[in-house]
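Asker: The structure that follows is given in the form of structure tokens.
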Amino acid sequence: MLIVTQSRGGALLRGWLGERYGHTPQFLYGGVVRKKRDDMVVHLRHDRTEQVFLLLLKGGGTGLNLAAASSVIHFYLTWNPAVEAQANDRAYRIGQRSHVQVHRLITEATFEERINYMIKGKSELAELAVGTGEQWIGDLGDHELRSLFTLNRA
């Protein structure tokens, strides 16, 4: 299970989980050096007793593969749906053998619920503008592609 948090306050969650369940999960944030990060990922992949892995939303850097996780829980919401999608994609990597479930914790009648409403609106707007995935670009003809990528001088 991958728990995604937005702040270094995830260390508090890590401590609480350790006290509650007798095992302190790993916590990957931006300050973790590359070698340690790689060791943490290997440990998650090969130690089946490792049930929970905490990840700072923008932590981990590029190429982070957390396919050992089959659940992603967003502990705090972000304003940017693309950032949230990137966190989900860390579990949807090559080598993933399980169906990945994504959960977003939203408290009713709170600021989080408003953020969720805004995120859904942004996602719907992006879908209308771009279409399904990036397949829309394949539907463009040569002339349309040329005009899309040609820089015009003002």
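The values are calculated or read from the model by the stated rules, or taken from the named source; none is laboratory data. For clarity, every value in this text was computed on a predicted model and none was experimentally measured. Cβ sites come from the backbone with ideal geometry, for glycine too, and all protein chains shown count toward neighbours.
Asker: Part of a loop (DSSP other than H, G, I, E, B) and either surrounded by fewer than 12 Cβ atoms within 10 Å (Cβ to Cβ) or at pLDDT 90 or above (or both): is that true of residue 108 in this structure?
Answerer: Yes, satisfied.
Asker: I'd like the residue in the range 63-102 that is polar (S, T, N, Q) and not in a loop (DSSP other than H, G, I, E, B) and, out of all such residues, is surrounded by the fewest Cβ atoms within 10 Å (Cβ to Cβ).
Answerer: Ranking the candidates gives 101 first.
Asker: So which of 68, 129, 109 is out of contact with any strand residue (DSSP E or B) (no Cβ under 6 Å at 6 or more places or on another chain), under 24 Å from residue 31 (Cα atoms) and without any contact (Cβ under 8 Å) to a residue 60 or more places away in the chain?
Answerer: 68
Asker: When you go through 85, 67, 109 one by one, which is the residue that is of a type outside the set (Phe, Trp, Tyr), farther than 19 Å from residue 7 by Cα and within 17 Å of the chain's Cα centre (by Cα)?
Answerer: That would be 67, the only listed residue that is of a type outside the set (Phe, Trp, Tyr), farther than 19 Å from residue 7 by Cα and within 17 Å of the chain's Cα centre (by Cα).
Asker: Give me a count of the residues in the range 1-15 that are in a helix (DSSP H, G or I), of a type in the set (Gly, Ala, Ser) and surrounded by fewer than 14 Cβ atoms within 10 Å (Cβ to Cβ).
Answerer: 1
Asker: Let me ask something else about it. Out of all the residues in the range 16-35, is one or more surrounded by 14 or more Cβ atoms within 10 Å (Cβ to Cβ) and of a type in the set (D, E, K, R)?
Answerer: No, the range 16-35 has no match at all.
Asker: Give just the number: which of (1) assigned to a loop (DSSP other than H, G, I, E, B); (2) of a type in the set (Ser, Thr, Tyr); (3) modelled with pLDDT of 80 or more does residue 132 not satisfy?
Answerer: Among (1) assigned to a loop (DSSP other than H, G, I, E, B); (2) of a type in the set (Ser, Thr, Tyr); (3) modelled with pLDDT of 80 or more, residue 132 violates only (3).
Asker: Please name all residue pairs, on different chains or six or more residues apart, with Cβ atoms under 8 Å, provided the first residue is in the range 8-24 and is over 13 Å from residue 75 (Cα atoms) and the second residue is modelled with pLDDT of 90 or more and among the small types (Gly, Ala, Ser).
Answerer: 24/15; 24/18
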